[in-house]
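The values are calculated or read from the model by the stated rules, or taken from the named source; none is laboratory data. These figures come from a predicted structure and were not determined experimentally. Ligands, DNA and RNA are excluded from the accessible area calculation, which covers all protein heavy atoms including side chains. Shrake-Rupley method; radii C 1.70, N 1.55, O 1.52, S 1.80 Å.
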Amino acid sequence: MTPSGADQEHLSAPSGADQEYLSLERELTVLLRRARASQGEMAREVHPDLETAAYGLLVRLDEHGRQRATELAAYIGVGKATMSRQLRALEELGLIAREPDPADGRAWLVDLTEEGRGRVAKVRDARRARYVSQLAHWDRREVSELARLLAQLNRQVEK
């Protein structure tokens, strides 16, 4: 049985543009796999019982200060039930605290505790030091350009 024209086109080598996107897919797959493993390590460095997924919440609070749980859920891309469970676990570990939102008595604001802030800072400082060491041979403009392009990609994917 001979493949049809459409099937044959699918079997042929990708065009130049397709090759670029295949390369992008491959490199992002490797980067994301390594990032997940690294995030797990960083979570355990913050606290041995910290779930990998919760590390991103701590970083968000570290960078943006106290926020409503609904804002955190929207940023991370999870539902209210998942967010409540993660926040409860973080609170039990002493890494975050909740307080009533003065603007809306039904809502709660979440923030890092001093313990949480100190632990996150220590891990983030160590991670930055690893990046500096790993990318020491890069020109600082290349590092800046990589950060700019990744930010652009993140904004696009967010839409």
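If you take the Cα atoms of the chain, find Rg, then find the Kirkwood Rh from the mean of 1/r over all pairs, what is Rg/Rh?
1.11
Name the long-range amide H neighbours of W108: under 5 Å, sequence gap of 5 or more, or other chain; modelled H, no Pro or chain starts.
Counting only residues 5 or more places away or on other chains, the set is A69, D101.
I need the Kirkwood Rh of the stretch 92-159: take the reciprocal of the average 1/r across all distinct C-alpha pairs and report it in angstrom.
15.4 Å
So what is the relative contact order for the stretch 80-159, in percent, with contacts set as C-alpha pairs under 8 Å and at least six apart?
For the stretch 80-159, the relative contact order is 16 percent.
Hey, what did the chain get for relative contact order, percent, Cα under 8 Å, at least 6 apart?
The value is 16 percent.
How much area per residue is accessible in the stretch 28-159 when the probe is 1.4 Å and only protein heavy atoms are counted (Å²)?
68 Å²
I'd like the Karplus ³J(HN,Hα) series for the stretch 118-135: coefficients 6.51, -1.76, 1.60, θ = phi - 60°, whole numbers in Hz, and an x wherever there's a Gly or Pro.
x, 5, 5, 4, 4, 5, 5, 4, 5, 5, 4, 4, 5, 4, 4, 5, 5, 10
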